[in-house]
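**Student:** First, the structure itself, so that you have it in front of you.
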Amino acid sequence: MPLELGRLHPDPTPKQRELVLRARALGQEKFAHRAEKYDREGSFPFENYDDLRAEGFLGLTIPESYGGLGADFETYCMVSAELGRWCGTTALTFNMHAATLLWSNQMADDMPMTDEKRKTHEKRRAMLYEKVIRDGSIFAQPFSEPNTAAAAGKSPFGTTAKRTDGGWIVNGVKHFASLSGAANYYGLLCTEDQGPDVEQSPKDTMYLAVPADSDGVTISGEWDVLGMRGTVSKTITFKDVFVPEDFMVLPTGLYYHGARYWPHMFTTLCPTYLGLSQAAFDFTMNYLTGNIEGGPPKGGEARLSPAKQMSIAEMRVKLEQSKALFYRVIKEARYKPEKADRLRAYCSQITVMEGANDICRLAIRTCGGRTIFKKYPLERYYRDSRCGSLMLPWTPEICMERLGRESVQDPGEVEPLD
Ligand SMILES: Cc1cc2nc3c(=O)[nH]c(=O)nc-3n(C[C@H](O)[C@H](O)[C@H](O)COP(=O)(O)OP(=O)(O)OC[C@H]3O[C@@H](n4cnc5c(N)ncnc54)[C@H](O)[C@@H]3O)c2cc1C
C-alpha cells in the first residue's frame, strides 16, 4: 500500500469519488501487477480491458440514459488520472476509447446543429453506445497520418471518405494508431472527398466509426518503442473500406468545430501523465522510507539526507503545480471558453506533459541506481512519461507557440462558424 495515496483531486463530488475509488481498486489490485508484462512484451493489456468491461467502465463516458456510467468531462479526467497511476498504457489507450464516446455526447450536445442533424446524430450515437454496453466493444482514435500535418490541425486529413450507396468508401493511412488490432472500431478522422472540383478543407473533416474487421483494413509495421509499449500503436491502412452510413461518431464538420470551440477536448491525454507523476512520487516516498523490498532499510538514513529532502520537495512542488493547473483547467472546460481559459489549458498541457518526465527524472536520481532495474516500475514510468510531449495536436511546442503568439497579440475572437 503506497504511503502517499494523496487525493488526485481536491474536491470530488460523491459520484466522482466513487468512480475514482473503483478505478483505484482495479488499478492497485490488478493493473499495477500486470504492467511490467505488457511493457516487456509490447503487448496490449487485454486482461485489463476485461476487467474494465466487467466493472462497466467501457461505458464510463456514456450517459446513464443509455446504460453507461455517465461520467462528464471533469469526472472522466479524474478517473483517467487514477488509471494512469497504476498503468500508463491502460490509461492512454482507454483515453482513446472514452474520449471518443465523451465527445459524441457532452461536446456534441453543446454544439449547434439543425434539428434534423441532431436527430440523426442521436440515432447514430445510440447505435454506437449499444455496441459498447451490449457487446463490450472498444473504440480507438487513429487520427495521425504519416504524410500530412492534419493531426496538428494544419491541413485536411489525407485519408478520405467518398460517398457511395448506403455509406462511404474510405482510403488512407494512419500511423501511431493505439489499440491497433485490439479495438473493435476505429474512430477515424478523414476528409470528405467531394470530387476533383471541390478543394479539400479541414472543415469537411468526418469522424467515422470503422468496424475493425472490415475488408480492406490492414495493420502493419512494428511497435518496438521507448515507452507506452503496450499501446501497440501500429500503422493502419484503409483500402477501399466500406463504412455504413450510420457509423459516424460526429456529423461532418463537428470535429473541426469542436477543435476550435471546445478546445479542452485535447486535454484528455493529460491525466494519464498526471497519474504517472503521482506514481513516481508515491514510489519515491515508499522507497526512501524502507517500504520497498531491496531499497534502503526502514527508518534508515536515506530519508534524512538534506539532498534527498530537497529533491522530494522539488518533486512535490512540480506535482502540485501539475495538479493545481490541471484540475482548474478541467473545471473550466466548456463550449466557447474565454481566451484566458484556453491559454491556461495550454499552460496545463505543457506543465503536466513536461512535468511528468521531470518528476520521474528526479525520482530516479533521488532513489538511486538500484531503481533502474526492471523489477521496479520507476524506469517504466520514466520511459512512459517521456511520450506525453509527443502527443499531437497539443504538443508542448505547439502550445508554447500559441501561448507566446496569443499573449503578445490579440487575434480577436476565433473565426465564426460558416
Ligand atoms: C505512445 C503514443 C501513442 C499514440 N497514439 C495515438 C493514437 O492513438 N492516435 C493518433 O492519432 N495518434 C497517436 N499518437 C501519435 C502522436 O499524436 C503523433 O502523431 C506522433 O507522436 C508522431 O508525431 P511526430 O512528432 O512525428 O509528428 P510531426 O508532426 O512530424 O512533429 C514533429 C515535431 O514537430 C513539432 N510540431 C509539429 N507540428 C508543429 C507545428 N505546427 N508547430 C510547432 N511544432 C510542431 C511536434 O511537436 C514534434 O516535436 C501516439 C503517439 C505516441 C507516442
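**Student:** The conditions are (1) on the phi < 0 side of the Ramachandran plot; (2) at pLDDT 95 or above, and residue 293 fails exactly one of them. Which is it?
**Tutor:** Failed condition: (2).
**Student:** Of everything in the range 318-337, what is free of Cβ contacts under 8 Å to residues at least 24 places away in the same chain and more than 24 Å from residue 397 (Cβ to Cβ)? Give them in sequence order.
**Tutor:** 320 - this is the single residue of the range 318-337 that is free of Cβ contacts under 8 Å to residues at least 24 places away in the same chain and more than 24 Å from residue 397 (Cβ to Cβ).
**Student:** If you scan the range 177-221, which residues turn out to be basic (Lys, Arg) and touching a Cys at 6+ places or on another chain (Cβ under 9 Å)?
**Tutor:** None - no residue of the range 177-221 is basic (Lys, Arg) and touching a Cys at 6+ places or on another chain (Cβ under 9 Å), so the list stays empty.
**Student:** Right, another one. Looking at this structure, is residue 258 in a helix (DSSP H, G or I) and under 30 Å from residue 43 (Cβ atoms)?
**Tutor:** Judged against the criteria, residue 258 is not a match.
**Student:** Taking residue 38 as meeting all but one of (1) farther than 16 Å from residue 78 by Cβ; (2) surrounded by fewer than 20 Cβ atoms within 10 Å (Cβ to Cβ); (3) modelled with pLDDT of 95 or more, write down the number of the exception.
**Tutor:** (2)
**Student:** Among the helices (runs of 4 or more DSSP H) confined wholly to the range 1-118, which include 3 or more residues that are within 25 Å of residue 143 (Cβ to Cβ)?
**Tutor:** 46-54, 73-86, 88-102
**Student:** In this structure, is residue 407 hydroxyl-bearing (Ser, Thr, Tyr), within 30 Å of residue 112 (Cα to Cα), at pLDDT below 95 and out of contact with any Lys or Arg (no Cβ under 7 Å at 6 or more places or on another chain)?
**Tutor:** Criteria met by residue 407.
**Student:** Return yes when residue 147 is within 14 Å of the ligand (Cβ to nearest atom), free of Cβ contacts under 8 Å to residues at least 60 places away in the same chain and surrounded by fewer than 21 Cβ atoms within 10 Å (Cβ to Cβ) and no when it is not.
**Tutor:** So residue 147 fits the description; yes.
**Student:** Shifting gears a bit: Scan the range 342-351 and tell me whether some residue there is out of contact with any Cys (no Cβ under 8 Å at 6 or more places or on another chain) and outside any helix (DSSP H, G or I).
**Tutor:** no
**Student:** Oh, and also: List the number of the failed condition for residue 300; all other conditions in (1) part of a helix (DSSP H, G or I); (2) at pLDDT below 95 hold.
**Tutor:** (1)
**Student:** Could you check, for the range 211-233, whether at least one of its residues is polar (S, T, N, Q) and more than 16 Å from the ligand (Cβ to nearest atom)?
**Tutor:** yes
**Student:** Filter the range 180-209 for residues that are aliphatic (A, V, I, L, M) and within 13 Å of the ligand (Cβ to nearest atom); which is surrounded by the fewest Cβ atoms within 10 Å (Cβ to Cβ)?
**Tutor:** Applying the filter and picking the extreme gives 182.
**Student:** Cβ-Cβ distance below 7 Å, separation of 6 or more or different chains: which pairs start in the range 223-240 with a residue that is more than 30 Å from residue 162 (Cα to Cα) and end on one that is more than 9 Å from the ligand (Cβ to nearest atom) and hydrophobic (A, V, I, L, M, F, W, C)?
**Tutor:** Qualifying pairs under 7 Å: 223/232; 230/44.
**Student:** Which ones in the range 232-249 are assigned to a strand (DSSP E or B) and in contact with a Ser or Thr (Cβ under 6 Å, 6 or more places away or on another chain)?
**Tutor:** 234, 235, 236, 237, 241, 249, listed by residue number.
**Student:** Considering each of 383, 365, 342, 361 in turn, give the residue that is more than 16 Å from the ligand (Cβ to nearest atom), within 19 Å of the chain's Cα centre (by Cα) and in the same structural domain as residue 277 (by TED's automatic domain parsing).
**Tutor:** Residue meeting the stated conditions: 342.
**Student:** Another question about this same structure. Testing residue 46 on (1) within 18 Å of the chain's Cα centre (by Cα); (2) buried (at least 19 other Cβ atoms within 10 Å of the Cβ), one condition comes back false. Which one is that?
**Tutor:** The failed condition is (2).
**Student:** Those residues that are crowded, with 20+ Cβ neighbours inside 10 Å and among the aromatic types (Phe, Trp, Tyr), I need them from the range 233-246; list them, please.
**Tutor:** Correct list: 238 only.
**Student:** Right, another one. Based on what the data block shows, is residue 398 touching a residue at least 40 places away in the same chain (Cβ under 8 Å), more than 16 Å from the ligand (Cβ to nearest atom) and over 25 Å from residue 230 (Cα atoms)?
**Tutor:** Here the answer is no, as residue 398 does not meet what is asked.
The values are calculated or read from the model by the stated rules, or taken from the named source; none is laboratory data. Not measured: the values here are computed from a predicted model. Ideal geometry is used to build each Cβ from the backbone, glycine not excepted, and the neighbour counts take in all protein chains shown.
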